[in-house]
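Colleague: The structure's right below; bear with me while I get my questions together.
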Amino acid sequence: MARTQGSHAGITGPRIREAALRLFAEHGFAAVSMRQIASAVGLQAGALYNYTPDKQALLFSLMKEHMDDLLGDLSRLPSQDAPQARLESFVRFHIAFHLDRPELVFIAYMELRNLTPENFRVIEGLRRDYENALERILSDGVAAGSFEVADTKLATLAVIAMLTGVTTWYRPDGRLSVPEVQDLYWDMVRKSVSA
């Protein structure tokens, strides 16, 4: 099938992903059709399949890219020895990264149920890698006597849920700046692990 006149793979592909992201976040994956995505980009519905095999592939690629970016950026944080400094760095990083991507964060959490089992396993594995990075910090802090945490796995899940929740209420034009939010959340996390 020929491309719509004036479309270019390097431009149209990203536009399709942006439209899918917006529509999935606004209406939910199940409620969005390939026809709606094509229309949002100005393509014939059939031409969309030149760029993606199906809607599931679009959802998976959005989630996987999000997790790959998250883990990649986390791995580039400056190396620190002290568990408390590592935890603070993690908290500040998580908030800044996620506040820049509220639609992706929403989809990454709310649309897991719509992944095929195979795709779910991939995303769940990447999420586990991210959780393990935080759990290592907490475990190292407990071993060093810096933190007092009864269950590092549970604490990991609680901290990530608390930090990710910022995307549901934060507004750039609100009363708090991102650094102020980071300061307040760091204080709450620090106190919760008795650092």
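Colleague: Just from the alpha-carbon atoms, what are the Rg and Dmax of the chain in angstroms?
Modeller: 19.5, 65
Colleague: Which three numbers, in whole Å and largest first, are the semi-axes of the equivalent ellipsoid of the range 66-174 derived from its Cα gyration tensor as √(5λ)?
Modeller: After scaling each eigenvalue by five and taking roots: 24, 18, 13 Å.
Colleague: Let me ask something else about it. Report, to the nearest whole %, how much of the accessible area of the chain belongs to carbon and sulfur atoms, 1.4 Å probe, protein only.
Modeller: Roughly 53 percent, rounded to a whole number.
Colleague: Sort 41-50, 64-73 for me by packing, meaning the mean count of neighbouring Cβ atoms within 10 Å per residue, highest on top.
Modeller: Packing order, densest peptide first, comes out as 41-50, 64-73.
Colleague: What do you get for the angle between helix 9-27 and the principal long axis of the chain? Use alpha-carbon atoms, 0 to 90 degrees, nearest ten.
Modeller: Between the helix axis and the principal axis of the chain, the angle is about 70 degrees.
Colleague: List, in order, the whole-Hz ³J(HN,Hα) value for each residue of the range 153-168 obtained from phi through the Karplus relation with A = 6.51, B = -1.76, C = 1.60 and θ = phi - 60°; use x for Gly and Pro.
Modeller: Result, rounded to whole Hz: 5, 4, 4, 4, 5, 5, 5, 5, 4, 5, 5, 5, x, 4, 5, 7.
Colleague: Separate question: Please work out the average accessible area per residue across the chain, using the 1.4 Å probe convention, and give it in Å².
Modeller: 53
Colleague: Roughly how many Å is it from the Cα centre of the range 117-137 to that of the range 16-39, as a whole number?
Modeller: The two parts, judged by their Cα centres, are 26 Å apart.
Colleague: Then there's this: On full extension of the chain, what length is gained from Ala31 through Ile11, given 0.36 nm per residue of separation minus the C-alpha to C-alpha distance?
Modeller: Fully extending the segment from Ala31 to Ile11 adds 4.6 nm.
Colleague: If you don't mind, there's one more thing I want to ask. Listed highest first by mean packing, meaning other Cβ atoms within 10 Å per residue, what order do 89-99, 112-122 come in?
Modeller: The densest-packed peptide leads the list: 89-99, 112-122.
Colleague: Could you work out the relative contact order of the chain? I mean the mean sequence separation of Cα pairs under 8 Å and 6+ apart, divided by the number of residues, in percent.
Modeller: Result for the chain is 23 percent.
Colleague: For Lys153, give me every one of the lysines with a C-alpha distance below 19 angstrom, ignoring sequence neighbours fewer than eight places off in its own chain.
Modeller: Lys191
The values are calculated or read from the model by the stated rules, or taken from the named source; none is laboratory data. In this text the structure is predicted, and so the values were computed from the model without any measurement. Quick reminder, even Gly has a Cβ in these numbers, built from the backbone with ideal geometry, and neighbours come from all protein chains shown. Surface areas here come from the heavy atoms of the whole protein model, side chains and all, with no ligands, DNA or RNA. Shrake-Rupley method; radii C 1.70, N 1.55, O 1.52, S 1.80 Å.
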